[in-house]
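Notes follow the structure.
The values are calculated or read from the model by the stated rules, or taken from the named source; none is laboratory data. Here the structure is a predicted model, which is why all the values come from computation and not from measurement. Glycine also receives a Cβ, built like all others from the backbone with ideal geometry; neighbour counts cover every protein chain displayed.
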Amino acid sequence: MSKRIDTWNTAKQRGEKRVLVTAYDYPFARLAEEAGVDGVLVGDSLGMVVQGHRDTLQVSLEQMAYHTEMVARACTQSLVFADLPLGTYEESPAQCWRSATTLLRAGAEVIKWEGGLEFKEHLEFCAARGLNVCVHLGLTPQRLRQWGSFQRQGATPETAERLVQEALALAQSGARFLLLEAVPADLAARITQQSAIPVIGIGAGPDTDAQVLVMHDVLGLGKAPPFARAFVDGAALLRSGLADYTQAVRDQSFPATSRKR
């Protein structure tokens, strides 16, 4: 186990919250690390945030590796997580391992995939070979078209109990992290309390061991989901700066005329 992962386990034992944010390139990852985040996730959310698609399904493994390389160069302290995109891991444990090693070579330290016990064999296969896996449960965006909308998960006693048992079983099978998305806060708190490994939440209440948000939501660079918060109106700041630049060029105040001969 890497020292960086060990610090997350120690933080869980001490009740210290960890902070994770997405980033997709070197400049934003560097800013995140300078701000003191504990981890950076290269999410397949780049399909929506960076590429402009309506979901994450268009993202390829090659694109994920490309963005992971940029982020990893910036992160000397933060733990680097990376997503396996749709169609790159579901077929077999061997396919999952091959895809994961592509992201490992690109600089990722933790590999995240969406789905639970249906991939238990994949998890055991990869964990036995030393792969650090984060299992994403609850709302899994890669299945958006199957569901038809972003649906909250674990809302009934039956589905909540099933999610608890699934999370605990995956931890015992070798997962290093759990990520819970869009589940009730009390359910996320219950899983976090019972889990021996760190639990990361997004739209899952305040009681998980860590929180993750999309960088662009944090910075106010787009329309954020209800559970997120923009901590600065980044879009307004950027528009203002670009407008000032545009005006300066048009009124010829930039670039300044050199007086040197």
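Annotations
- Test for Val135: is it under 22 Å from Gln211 (Cα atoms) and in contact with a Lys or Arg (Cβ under 7 Å, 6 or more places away or on another chain): no
- Identity of the residue in segment 47-62, in contact with a helix residue (DSSP H, G or I) (Cβ under 7 Å, 6 or more places away or on another chain) and in a helix (DSSP H, G or I), that ends up surrounded by the most Cβ atoms within 10 Å (Cβ to Cβ): Leu61
- Residues within segment 1-46 that are more than 25 Å from Ser195 (Cβ to Cβ) and either part of a helix (DSSP H, G or I) or among the hydrophobic types (A, V, I, L, M, F, W, C) (or both), tallied: 12
- Any pair with Cβ under 6 angstrom, 6 or more apart, that starts in segment 123-142 at a residue that is farther than 17 Å from Gln172 by Cβ and ends at one that is of a type in the set (D, E, K, R): His136/Lys112; His136/Glu114; Gly138/Glu181; Leu139/Glu181; Thr140/Glu114; Gln142/Glu114
- Residues (of a type outside the set (Lys, Arg), out of contact with any strand residue (DSSP E or B) (no Cβ under 6 Å at 6 or more places or on another chain) and modelled with pLDDT of 80 or more) located in segment 140-160: Pro141, Gly154, Ala155, Thr156, Pro157, Glu158, Thr159, Ala160
- Subset of segment 65-81 that is buried (at least 19 other Cβ atoms within 10 Å of the Cβ) and not in a helix (DSSP H, G or I) - its residue that is farthest from the chain's Cα centre (by Cα): Cys75
- Pairing residues of segment 18-38 that are closer than 18 Å to Ala228 by Cα with residues that are of a type in the set (Lys, Arg) and modelled with pLDDT of 95 or more, at Cβ distances under 9 Å and at least 6 apart in sequence or on separate chains, gives Arg18/Lys12; Ala23/Arg30; Val37/Arg18.
- Pair list, Cβ < 7 Å and 6+ apart or interchain, from segment 46-69 residues that are under 11 Å from Thr102 (Cβ atoms) to residues that are part of a loop (DSSP other than H, G, I, E, B) and charged (D, E, K, R): Met64/Asp44
- Members of segment 1-46 found to be of a type in the set (S, T, N, Q), over 15 Å from Leu79 (Cβ atoms) and surrounded by fewer than 16 Cβ atoms within 10 Å (Cβ to Cβ), listed by number: Gln13
- Annotation: of all residues in segment 95-144 being touching a Phe, Trp or Tyr at 6+ places or on another chain (Cβ under 8 Å) and basic (Lys, Arg), the one that is surrounded by the most Cβ atoms within 10 Å (Cβ to Cβ) is Lys112.
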